[in-house]
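Have a look at the structure below, then the notes.
The values are calculated or read from the model by the stated rules, or taken from the named source; none is laboratory data. Computed from a prediction, not measured in an experiment: that's the story for all the values here. Glycine gets a Cβ as well: all are built from the backbone with ideal geometry, and neighbour counts include every protein chain shown. Accessible surface areas use protein heavy atoms only, side chains included; no ligands, DNA or RNA. Shrake-Rupley method; radii C 1.70, N 1.55, O 1.52, S 1.80 Å.
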Amino acid sequence: MARPNFIFIMADDMGYADLGCYGGRSNCSPVLDHMATEGMRLTNGYANSPVCSPARFAIMTGRYQHRLRGGFDEPIASAGPHLGLPPEHPTLPSLLRDAGYSTGLVGKWHLGSPPWFSPEKSGYEEYFGFRSGAVDFFTHRSFTGAYDLWEGDEEAHVEGYLTDILSRRAADFVRRKADTGPYMLSVHYSAPHWPWETRDDRAEAERIRSLFHLDGGNLETYQRMIHHMDEGIGWILDAVAETGGYDNTLVLFTSDNGAERFSDTWPLVGRKMDLLEGGIRVPYVLRWPARLQAGTVDDRVVMGMDWMPTFLAAADVEGHSDYPFDGIDVFGPRTERDVFWRMKYRSQKAMRSGDWKWLSIEGNEFLFDLKRDERERANLRYREPDRFANMRRAYFDWDERMPPMPPDATYTLAYDETSLARSGG
């Protein structure tokens, strides 16, 4: 079989249960719901972090983000040469590019500022999108007021609603690259991240002239933003079908991290910046007709860092021996493993082993049986003292193998919505 194409589609701050195929009640995702019937839906899928930049580092490298230079545990702002994805580090797009794939990123970067860091320095041959954590959907300006829509290193002055612009550019990439050999396309939407704006809100965006909008938004607007994104994903999938790529294109949809203000997480609790399930559990919807059986639902534990080794294995491309993966090939033999999280914010720590989760928040420790208690309400640490002790010990053994957190706190943010907005996370 020929090497597959890859399309990695990522929403921003979307809740685990926003999509209809994950129990959502708004009917805002007909395209993705249909895609789930054509492929696989994962029910124990996780982000490596409950906030943007660290989760994206893990996806790009197949490793715990804590291993990277600088120790990424929190969202990053524009911080010069000190914080970003090191250009010398192998990435999913760089290894696929070196193996003959055409590579492109459409949408959000947020992994460091030029000239030190950029999509092109980390393996993407084409780039169209924004570099910061968020931009206004109409003015395309970041929270600093600076214009932030780029084609490569040049400002791209394109009129319109950002979600639609990104969807059309992604569909165009598919049509241009379909006959040039295999391709890998990343589509990183801003939706449904604030500012909460639909296609009909141009006048409001121009009146406010401020990215923050943190006193704005409502449930209807949020769900319509997801619907606009879902419609655009349909345009991308149409381009795949029109160019003959339906059977052998692996399409994956997820969110970078868990829920924000208007998100649906039922039955989970917690949100972005939390290591509760609502902050780290994310949807994973995959379609690859050549290999995946339609209508599959899988409950294995999957992390964001798993997709790099999974895609490389599917393309028969080796990883770099100097940068061993922490992630696994999702399509390989099913194996039980332990996975871990840590956050400076509120001194959070977490571990999942099988159905069990150990969690520590500001020194308060918990043990949950997620199979019976997804809402994380019944603390079983005293009923299961041996399990609690063993998992706690395993977490700290893992933590000792990770580089220590940076001693300075220049990019650590207290999670009130105004301060988080400054990072665009």
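Filtered by the rule that a residue be modelled with pLDDT of 95 or more, within 21 Å of A259 (Cα to Cα) and among the small types (G, A, S), the stretch 24-52 gives S29, A36, G45, A47, S49.
Every residue, every condition in (1) under 24 Å from the mean Cα position of the chain (by Cα); (2) surrounded by fewer than 19 Cβ atoms within 10 Å (Cβ to Cβ); (3) charged (D, E, K, R); (4) within 21 Å of G129 (Cβ to Cβ), yes or no:
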{"position": "F173", "(1), (2), (3), (4)": "yes, no, no, yes"}
{"position": "L185", "(1), (2), (3), (4)": "yes, no, no, yes"}
{"position": "Y189", "(1), (2), (3), (4)": "yes, no, no, yes"}
{"position": "E197", "(1), (2), (3), (4)": "yes, no, yes, yes"}
{"position": "D200", "(1), (2), (3), (4)": "no, yes, yes, no"}
{"position": "R224", "(1), (2), (3), (4)": "yes, no, yes, no"}
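Scanning the stretch 300-329 for residues that are charged (D, E, K, R) and under 27 Å from M402 (Cβ atoms), which turns out most open to solvent (accessible area, probe 1.4 Å)? Looking at the filtered set, the residue picked out is E318. Inspect all residues belonging to the stretch 277-287 and state whether any of them is farther than 15 Å from N48 by Cα, of a type outside the set (V, I, T), in contact with a Gly (Cβ under 8 Å, 6 or more places away or on another chain) and in a loop (DSSP other than H, G, I, E, B). Within the stretch 277-287, not a single residue is farther than 15 Å from N48 by Cα, of a type outside the set (V, I, T), in contact with a Gly (Cβ under 8 Å, 6 or more places away or on another chain) and in a loop (DSSP other than H, G, I, E, B). All conditions but one from (1) surrounded by fewer than 22 Cβ atoms within 10 Å (Cβ to Cβ); (2) touching a Leu at 6+ places or on another chain (Cβ under 7 Å) apply to F253; the one that does not is (1). Farther than 27 Å from R131 by Cβ, in a loop (DSSP other than H, G, I, E, B), among the small types (G, A, S) and more than 19 Å from the chain's Cα centre (by Cα): is that true of G270 in this structure? Against the criterion (farther than 27 Å from R131 by Cβ, in a loop (DSSP other than H, G, I, E, B), among the small types (G, A, S) and more than 19 Å from the chain's Cα centre (by Cα)), G270 does not qualify. Check whether at least one residue in the stretch 135-145 is surrounded by fewer than 19 Cβ atoms within 10 Å (Cβ to Cβ) and modelled with pLDDT under 95, and report yes or no. Yes, because at least one residue in the stretch 135-145 is surrounded by fewer than 19 Cβ atoms within 10 Å (Cβ to Cβ) and modelled with pLDDT under 95. Listed by position, the strands (runs of 3 or more DSSP E) inside the stretch 318-380 whose residues that are under 23 Å from the mean Cα position of the chain (by Cα) number at least 1 are 338-343, 348-353, 356-361. Restricting the first member to the stretch 257-268 and to residues that are under 11 Å from I280 (Cα atoms) and open to solvent by less than 30 Å² (accessible area, probe 1.4 Å), and the second to residues that are outside any loop (DSSP other than H, G, I, E, B) and at pLDDT below 95, the beta-carbon pairs closer than 9 Å and six or more apart or on different chains are N257/C52; N257/P54. When M405 is tested against (1) of a type outside the set (G, A, S); (2) modelled with pLDDT of 95 or more; (3) crowded, with 16+ Cβ neighbours inside 10 Å, exactly one condition is not met: (2).
Just one of the numbered conditions (1) touching a Ser or Thr at 6+ places or on another chain (Cβ under 6 Å); (2) at pLDDT 95 or above is not true of K344: (2). In the stretch 53-105, of all residues being open to solvent by 10 Å² or more (accessible area, probe 1.4 Å) and basic (K, R), the one that is modelled with the lowest pLDDT corresponds to R69.
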